[in-house]
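Have a look at the structure below, then the notes.
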Amino acid sequence: NAGVMQNPRHLVRRRGQEARLRCSPMKGHSHVYWYRQLPEEGLKFMVYLQKENIIDESGMPKERFSAEFPKEGPSILRIQQVVRGDSAAYFCASSPTRRQGSEKLFFGSGTQLSVL
Amino acid sequence: SQQGEEDPQALSIQEGENATMNCSYKTSINNLQWYRQNSGRGLVHLILIRSNEREKHSGRLRVTLDTSKKSSSLLITASRAADTASYFCAHRGGSNYKLTFGKGTLLTVNP
């Protein structure tokens, strides 16, 4: 049973370009979370999605950032017109449907975004 | 900010010693969790303690929770070099789905 898969592992973009980060949750998981981590910082919540629905995007900047989790395929975090301040590690986590044991998160290995 | 705080920020010990990390938070919680992160990797869940529990054990890990002080501690006994990692506490409040993470403690276990 594969874990949470994120790709690419590393992504380099120039200022003004678009960054697309992909996340495939664990099999059977329908809840996806995106977090951002700056060096020597904890994880900052960005967005929580279920299939085809954004449940909570309170941690996501209102401009340039968007996320989706379509019925088929991976969850996508999209950053348009990237700036240097977007450089960070972006982690995706998933959890099963809401039942006992669904309270912990399973994390991917992250995508390190570097903006030149 | 609802973010929790761990202390110390960094801890360096010798193999075989015990390591204690503390975590404080600001809101009411449903549960508190500890995660581990190796350098350049994702987080791995270690242990969860519910708000009505005071202590929990898992192998060499012992977690305590004091809801009156809004604090938790993680004890790793008989540490090994392989325990070297960053350790984060995370809590869930009334929303019951969003985990809020602290800034972490970087633990270095010297062989």
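The values are calculated or read from the model by the stated rules, or taken from the named source; none is laboratory data. Source: prediction; values computed, not measured. Backbone-built Cβ (ideal geometry, glycine too); neighbour counts: all protein chains shown. Note: accessible area is taken over every heavy atom of the protein model, side chains too, but ligands, DNA and RNA are not part of it. Shrake-Rupley method; radii C 1.70, N 1.55, O 1.52, S 1.80 Å.
Here are a few things to note about the model shown:
- Restricting the first member to region B:15-26 and to residues that are closer than 9 Å to B:V109 by Cβ, and the second to residues that are open to solvent by 90 Å² or more (accessible area, probe 1.4 Å) and at pLDDT below 95, the beta-carbon pairs closer than 6 Å and six or more apart or on different chains are B:E15/B:P111.
- Selected residue (criterion: farthest from the other protein chains (Cβ to nearest Cβ)) from residues of region A:43-65 that are in contact with a Leu (Cβ under 9 Å, 6 or more places away or on another chain) and either surrounded by fewer than 15 Cβ atoms within 10 Å (Cβ to Cβ) or among the charged types (D, E, K, R) (or both): A:E57
- Tally of residues being over 20 Å from A:L43 (Cα atoms) and open to solvent by 50 Å² or more (accessible area, probe 1.4 Å) across region B:79-107: 2
- Taking region A:76-116 as the range and being of a type in the set (A, V, I, L, M), under 30 Å from B:I49 (Cα atoms) and either within 8 Å of chain B (Cβ to nearest Cβ) or open to solvent by 40 Å² or more (accessible area, probe 1.4 Å) (or both) as the test, the residues that pass are A:A93, A:L105.
- Meets criteria (closer than 19 Å to B:L11 by Cα, touching a Pro at 6+ places or on another chain (Cβ under 9 Å) and not β-branched (V, I, T)) for B:R80: yes
- B:S72, sole failed condition from (1) buried (at least 19 other Cβ atoms within 10 Å of the Cβ); (2) within 30 Å of A:P8 (Cα to Cα); (3) more than 14 Å from every other protein chain (Cβ to nearest Cβ): (2)
- Residue ID - most open to solvent (accessible area, probe 1.4 Å), chosen from residues in region A:1-31 that are small (G, A, S) and within 17 Å of A:L116 (Cβ to Cβ): A:G16
- Criterion: more than 27 Å from B:P111 (Cα to Cα) and among the hydroxyl-bearing types (S, T, Y) - qualifying residue of B:S58, B:S39, B:S68, B:S79: B:S68
- Strands (runs of 3 or more DSSP E) within chain B that include 3 or more residues touching a helix residue (DSSP H, G or I) at 6+ places or on another chain (Cβ under 6 Å): none
- Condition check for A:G73: part of a loop (DSSP other than H, G, I, E, B) and either charged (D, E, K, R) or surrounded by 14 or more Cβ atoms within 10 Å (Cβ to Cβ) (or both): no
- Inside region B:41-52, residues that are open to solvent by 50 Å² or more (accessible area, probe 1.4 Å) and modelled with pLDDT under 95 make up a count of 3.
- Residues (polar (S, T, N, Q), modelled with pLDDT of 90 or more and more than 20 Å from A:F91 (Cβ to Cβ)) located in region B:10-40: B:S12, B:Q14, B:N18, B:T20, B:N22, B:S24
- Residue match in region B:5-12 (condition: within 11 Å of another protein chain (Cβ to nearest Cβ) and open to solvent by less than 50 Å² (accessible area, probe 1.4 Å)): yes
- Of all residues assigned to region A:103-113, at least one qualifies as being closer than 22 Å to B:W34 by Cα and charged (D, E, K, R).
- Any strands (runs of 3 or more DSSP E) falling wholly within region A:12-63 and containing at least 2 residues that are touching a residue at least 60 places away in the same chain (Cβ under 8 Å): A:19-24, A:29-37
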